[in-house]
Amino acid sequence: MREVYDAELTILKGNGMGDESDLAGDRVARIIAERIMTGRLAAGEPIKQDELAVELGTSRIPVRDALRILEKRGMVSLRANASAKVVSRTVEDMDVSYRIREVLEPMLLAESIPHLGEEAIDALRQLKDRLADDLGYEEYLALTREFHVLCFSGHRAPLLSHIIEWLWDTTYSYRAAFARMSVADEERLRAMRVERELLFDAISHREVDLAQRIWAIQVRRTHKALLRYADRADLLGSETPAGARGNSSR
């Protein structure tokens, strides 16, 4: 994933002249979001706008625009004095988000499958095969998200898609933690490969009900695994206050 945002940084800087017309806030937002999702910017970490603007060769205006975009996505919090930091999510937040995801994501998958063309199916097959290789956690996390996005790409339900994307963005640190756990656990990886094969087979044969059930099982398994590590703030990289830990057991 480092190559992804390094490439974007090259595009942003261009020839070093800092062309403001090419420094739209949404492009800066993508770079910041990638750094948050890969852990380069940790939960609770301040975002130094002046330093970021210098690094990207731009003024603070696109940086401020980017932070407003990410605030709406639930990834960044902004203060009245214009300071910003990466949002920290509690275990209770994660618990609620995953319970919602288990319901909504199979719905979006059902909207998508009938409209997936052969090109999308071929791309899913290639991603599935790449995910069967030995990967570092950042690449694993990026490819997993790409696989999931492609599964949903045939949908005709933009509102539902927007809600799910927001849930993904607000649980990024937990998804990254699960990726770290997964790549270090061969037994877990084998189980996930089998599930992915079953899911791909169901999608490619347009077996919507079966694909929905497999998807819900995957979300539930990830959810339960993360709850087992609820006290591992060092692993999850998120706040785990006592109240949140107690509520997350339900």
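The values are calculated or read from the model by the stated rules, or taken from the named source; none is laboratory data. Every value quoted in this text rests on a predicted model; they were computed, and no experiment measured them. Neighbour counts run over all protein chains shown; Cβ positions are idealised from the backbone, glycine included.
Restricting to segment 46-71, and then to whatever is out of contact with any helix residue (DSSP H, G or I) (no Cβ under 9 Å at 6 or more places or on another chain) and not charged (D, E, K, R), can you tell me which residue is surrounded by the most Cβ atoms within 10 Å (Cβ to Cβ)?
Val54
Any residue in segment 96-103 that is in contact with a Leu (Cβ under 8 Å, 6 or more places away or on another chain), over 20 Å from Tyr174 (Cβ atoms) and assigned by TED's automatic domain parsing to the domain that holds Arg188?
As a first pass, look at segment 96-103 and keep what is in contact with a Leu (Cβ under 8 Å, 6 or more places away or on another chain): 97-98, 100-101.
Next cut, over 20 Å from Tyr174 (Cβ atoms) only: none.
No, the conditions are met nowhere in segment 96-103.
Could you tell me how many of the residues in segment 132-187 are in contact (Cβ under 8 Å) with a residue 60 or more places away in the chain, over 9 Å from the mean Cα position of the chain (by Cα) and not in a helix (DSSP H, G or I)?
Matching residues across segment 132-187 total 1.
Sort out which residues of segment 193-224 are in a loop (DSSP other than H, G, I, E, B) and charged (D, E, K, R), and write them in order of number.
Once the filter is applied, which keeps residues that are in a loop (DSSP other than H, G, I, E, B) and charged (D, E, K, R), segment 193-224 yields Arg206, Glu207.
Being under 22 Å from Ile217 (Cα atoms) and in a loop (DSSP other than H, G, I, E, B), is that true of even one residue in segment 95-114? Lay out the reasoning, then the answer.
Quick first cut of segment 95-114, residues under 22 Å from Ile217 (Cα atoms) only: 95-114.
Those still in the list that are in a loop (DSSP other than H, G, I, E, B) too: none.
Scanning segment 95-114 turns up no residue that is under 22 Å from Ile217 (Cα atoms) and in a loop (DSSP other than H, G, I, E, B).
Taking segment 122-141, which residues are of a type in the set (A, V, I, L, M), modelled with pLDDT of 95 or more and surrounded by fewer than 17 Cβ atoms within 10 Å (Cβ to Cβ)?
Ala123 - this is the single residue of segment 122-141 that is of a type in the set (A, V, I, L, M), modelled with pLDDT of 95 or more and surrounded by fewer than 17 Cβ atoms within 10 Å (Cβ to Cβ).
Go through segment 210-220 residue by residue and tally those that are touching a residue at least 24 places away in the same chain (Cβ under 8 Å) and out of contact with any Asp or Glu (no Cβ under 8 Å at 6 or more places or on another chain).
Within segment 210-220, residues that are touching a residue at least 24 places away in the same chain (Cβ under 8 Å) and out of contact with any Asp or Glu (no Cβ under 8 Å at 6 or more places or on another chain) number 3.
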